[in-house]
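Asker: One structure coming up, written as C-alpha cells, with questions to follow.
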Amino acid sequence: MTMTKMTLQTEGDKHVVVMRRFAASPEAVYRAHTEPSIIQKWLLGPDGWTMPVCVSEARLGGKIRYEWAD
C-alpha cells in the first residue's frame, strides 16, 4: 500500500482534520484502522516495541485501547 504525505488542518479550537491518500480500497484502509490484528502490525513505536493489547470496537459505544511494551 503506498500513501501520500499526511496533512493536518484545524477546524476551530477543538477539531483536527488529518488527510492522507492511500493506493488501496476504502475497505482496506478501514480494516487497517479497525481490525486489531492489522493495527498491531503497523501502529508501533521504536524498533523492538510491540502492542500486546489492542482493542478496537468500531461501533457506537465501543472501546479503543492500545498498550505498547518494549
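The values are calculated or read from the model by the stated rules, or taken from the named source; none is laboratory data. Everything numeric in this text was worked out from a predicted model, so none of it was measured. Using ideal geometry, Cβ is built from the backbone for each residue, glycine included, and neighbour counts are taken over all protein chains shown.
Asker: Being surrounded by 10 or more Cβ atoms within 10 Å (Cβ to Cβ) and among the acidic types (D, E): is that true of E27 here? Please lay out each step first, then the result.
Answerer: Working: surrounded by 10 or more Cβ atoms within 10 Å (Cβ to Cβ): no; among the acidic types (D, E): yes.
It is false that E27 is surrounded by 10 or more Cβ atoms within 10 Å (Cβ to Cβ) and among the acidic types (D, E).
Asker: Can you find, within the stretch 42-64, the residue that is farthest from the chain's Cα centre (by Cα) among those that are surrounded by 12 or more Cβ atoms within 10 Å (Cβ to Cβ) and not hydrophobic (A, V, I, L, M, F, W, C)?
Answerer: So the residue we want is T50.
Asker: Out of the stretch 2-20, which residues are within 14 Å of the chain's Cα centre (by Cα), in a loop (DSSP other than H, G, I, E, B) and surrounded by 10 or more Cβ atoms within 10 Å (Cβ to Cβ)?
Answerer: Of everything in the stretch 2-20, just one residue is within 14 Å of the chain's Cα centre (by Cα), in a loop (DSSP other than H, G, I, E, B) and surrounded by 10 or more Cβ atoms within 10 Å (Cβ to Cβ), namely R20.
Asker: Sticking with this one: When you go through (1) modelled with pLDDT of 90 or more; (2) closer than 25 Å to R65 by Cβ one by one for T10, which number turns out not to apply?
Answerer: Status for T10: all satisfied but (2).
Asker: Given the criteria among the charged types (D, E, K, R), within 22 Å of I64 (Cα to Cα) and either exposed (fewer than 10 other Cβ atoms within 10 Å of the Cβ) or touching a Gly at 6+ places or on another chain (Cβ under 9 Å) (or both), does E35 qualify? Even if it seems obvious, please write down each step before you answer.
Answerer: Working: among the charged types (D, E, K, R): yes; within 22 Å of I64 (Cα to Cα): yes; either exposed (fewer than 10 other Cβ atoms within 10 Å of the Cβ) or touching a Gly at 6+ places or on another chain (Cβ under 9 Å) (or both): no.
No: the conditions fail for E35.
Asker: Related question: Please verify whether G48 is at pLDDT 95 or above, part of a loop (DSSP other than H, G, I, E, B) and not charged (D, E, K, R), treating the condition exactly as stated.
Answerer: The answer is no for G48.
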